[in-house]
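This report refers to the structure that appears directly beneath it.
The values are calculated or read from the model by the stated rules, or taken from the named source; none is laboratory data. Computed from a prediction, not measured in an experiment: that's the story for all the values here. Heads up, the Cβs are rebuilt from the backbone with ideal geometry, glycines too, and the neighbour counts pull from every protein chain shown.
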Amino acid sequence: MNQTEHVSRYAWWVVGLLWVVALLNYLDRLTIASMREWIVADIPMSDARFGLLTSVFLWIYGLVSPVGGFLADRYSRKWVIIASLGVWSAMTWLTGHMHSFNSLLAARAVMGVSEACYIAAALALIADYHTGATRSFATGLHQSGLYAGAALGGAGGWIAGDHGWRLAFTLFGALGVAYAIVLLFLLRDQPRAQDKLRLQPSQPVSARAIVRELAASRSYGVLMVYIGLAGMAFWLINGWLPTYLQENFAGWRPGGALARVLPSAWIEKMELTRGTAGLWATVPVQVASFLGILVGGVWADRWGRTNPRSRMLIPALGFCCAGPCLLLLAKTSSFSLALVAMTIFGLGRGFADANLMPIVCQVINPRYCATAYGLLNLVGVSVGGGMIYVGGWLRDLHVGLAMPFTIAASGLFLAGLMLFAVRGRQPQLHCSE
């Protein structure tokens, strides 16, 4: 019988329930980038200090991610998810009530601790329910919620322009707390695959065993370098693309045939301004990523029936295309070409995000997948946080963002090449088996 016939209806409900949490995760995390002008006007700070708000979040998020993964491997994934959502939403609400840089920084730090516990637990829970040929698609569908949240995060600038930046944080935080209460009644754990197969059922997950497993895997070491290079590009774009577009393409409006078709009122609203830069920086990338994550997930699942390395090869292809496009974004003076570059970059990122947890499940013992993913998060966001800070530091030195964008483009292309060196374990040791 085909593996997809064994997937229950509730397994897809789990993906849907967690999709909303994923949306809130990135919405709360990234909306600050689109509201830079209003926050800085209210609480004066340098560009480096503003970048530090995201960098500190990412560094703490990365440091705590392996701990969050370990808790999800050892205890209830459901309760790790709900606690994470509740705490970070409360901190989002509090962010809208802060009046100094230090208090903002403290709120972002606590938010980093709480958000760190979510993603590995959520993807591991999805992997528990989707144990075969639906895994990449189910993972990708969940990850599309991250992109939806990032795209909506761009609306923070629009809300700030009309109602002030504090209202956005207050509304988003209250929504998250309410949804955490909903999950108390709707979300439930699934017996782990290794428990059903009685793989060491009496032995609890231990930190020592995890360290031995990860240290012994050459492919996991390659993944750590890969995710560091990818994180450098991803978080630089997340943190500084709105500013980059505003400074390089301010005043752009649709022209040519598009201008003749669209109503003049629409064209005026689409002009790239301080208020719309966040939307232009997030919507094209996140929509493309949304499509890439779904296409990359389905493609990997189907190709995986004949090629067990499909989940490594598809993101490798995506990054080898996305890297040069990120370089084009750093060099072009044409906003149309910049849109094309952002779109292809988004597709490549989607291919990668749909398949990262499935790759981990092929490389690492099933008992330790959440912890392994959490450690990758540590590497990716630590490097990414550093790049966000470097971007602000260079701006304070009057160096444009094109330089760090170029460095990130090279790293992304190299990351794609590195995936060709990743090899999976024997099939019977996969998380899915």
Scanning the stretch 176-209 for residues that are exposed (fewer than 12 other Cβ atoms within 10 Å of the Cβ) and at pLDDT below 70 gives Arg198, Pro201, Ser202, Gln203, Pro204
Residue within the stretch 26-39 that is over 21 Å from Gly173 (Cα atoms), at pLDDT 80 or above and not acidic (Asp, Glu) present: no
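Of the residues Gly156, Gly149, Gly231, which is at pLDDT 85 or above and either in contact with a helix residue (DSSP H, G or I) (Cβ under 8 Å, 6 or more places away or on another chain) or on the phi < 0 side of the Ramachandran plot (or both)? Break it down into steps so the answer makes sense when it comes.
Details: Gly156 fails: at pLDDT 85 or above; Gly149 fails: at pLDDT 85 or above.
Checking each option against the conditions leaves just Gly231.
Residue check: is Asp396 of a type in the set (D, E, K, R) and over 21 Å from Ser410 (Cα atoms)? Talk me through it step by step, then tell me what you get.
On the way: of a type in the set (D, E, K, R): yes; over 21 Å from Ser410 (Cα atoms): yes.
Yes.
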Quick check: anything in the stretch 322-338 assigned to a helix (DSSP H, G or I), in contact (Cβ under 8 Å) with a residue 40 or more places away in the chain, closer than 26 Å to Ala133 by Cβ and of a type in the set (A, V, I, L, M, F, W, C)? no
Selection over the stretch 360-398 where residues are farther than 14 Å from Ile60 by Cβ, of a type in the set (A, V, I, L, M) and touching a residue at least 12 places away in the same chain (Cβ under 8 Å) yields a count of 11
Conditions first: (1) small (Gly, Ala, Ser); (2) surrounded by fewer than 23 Cβ atoms within 10 Å (Cβ to Cβ); (3) at pLDDT below 80. Gly385 passes all but one, so which condition is the exception? (2)
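Determine whether the stretch 297-312 contains at least one residue that is under 26 Å from Thr406 (Cβ atoms), in a helix (DSSP H, G or I), modelled with pLDDT of 85 or more and in contact with a helix residue (DSSP H, G or I) (Cβ under 7 Å, 6 or more places away or on another chain). If you could, list the steps in order and put the result at the bottom.
Applying the first criterion (under 26 Å from Thr406 (Cβ atoms)) to the stretch 297-312 yields none.
Within the stretch 297-312, not a single residue is under 26 Å from Thr406 (Cβ atoms), in a helix (DSSP H, G or I), modelled with pLDDT of 85 or more and in contact with a helix residue (DSSP H, G or I) (Cβ under 7 Å, 6 or more places away or on another chain).
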The stretch 75-103 - residue that is within 19 Å of Leu186 (Cα to Cα) and among the small types (Gly, Ala, Ser) and, of those, surrounded by the fewest Cβ atoms within 10 Å (Cβ to Cβ): Ser76
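When the stretch 239-281 is examined, which residues are found to be at pLDDT 75 or above and not small (Gly, Ala, Ser)? Break it down into steps so the answer makes sense when it comes.
Step one: list which residues in the stretch 239-281 are at pLDDT 75 or above, which gives 239-249, 280-281.
Scanning the stretch 239-281 gives Trp240, Leu241, Pro242, Thr243, Tyr244, Leu245, Gln246, Glu247, Asn248, Phe249, Trp280.
Going by the conditions given, is Ser84 in contact with a Pro (Cβ under 7 Å, 6 or more places away or on another chain), touching a residue at least 24 places away in the same chain (Cβ under 8 Å) and either acidic (Asp, Glu) or assigned to a helix (DSSP H, G or I) (or both)? Steps first, please.
Details: in contact with a Pro (Cβ under 7 Å, 6 or more places away or on another chain): no; touching a residue at least 24 places away in the same chain (Cβ under 8 Å): yes; either acidic (Asp, Glu) or assigned to a helix (DSSP H, G or I) (or both): yes.
No.
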Report every pair of residues separated by at least 6 positions or lying on different chains whose Cβ atoms are under 6 Å apart, first residue within the stretch 127-140 and in a loop (DSSP other than H, G, I, E, B), second crowded, with 24+ Cβ neighbours inside 10 Å. His130/Ala138; Ala133/Asp301
Can you run down the residue pairs with Cβ atoms below 6 Å, 6 or more apart or on separate chains, where the first is in the stretch 211-240 and farther than 30 Å from Leu52 by Cβ and the partner is outside any helix (DSSP H, G or I) and among the polar types (S, T, N, Q)? Glu213/Asn365
Just a yes or no: is a residue in the stretch 362-369 crowded, with 24+ Cβ neighbours inside 10 Å and closer than 20 Å to Asn238 by Cα? no
Evaluate the following for Ala106: is it more than 19 Å from the chain's Cα centre (by Cα), of a type in the set (A, V, I, L, M) and closer than 21 Å to Gly386 by Cα? yes
Could you say which residue among Gly350, Gly318, Gly346 is in contact (Cβ under 8 Å) with a residue 12 or more places away in the chain, assigned to a helix (DSSP H, G or I) and closer than 30 Å to Ala216 by Cβ? Gly318
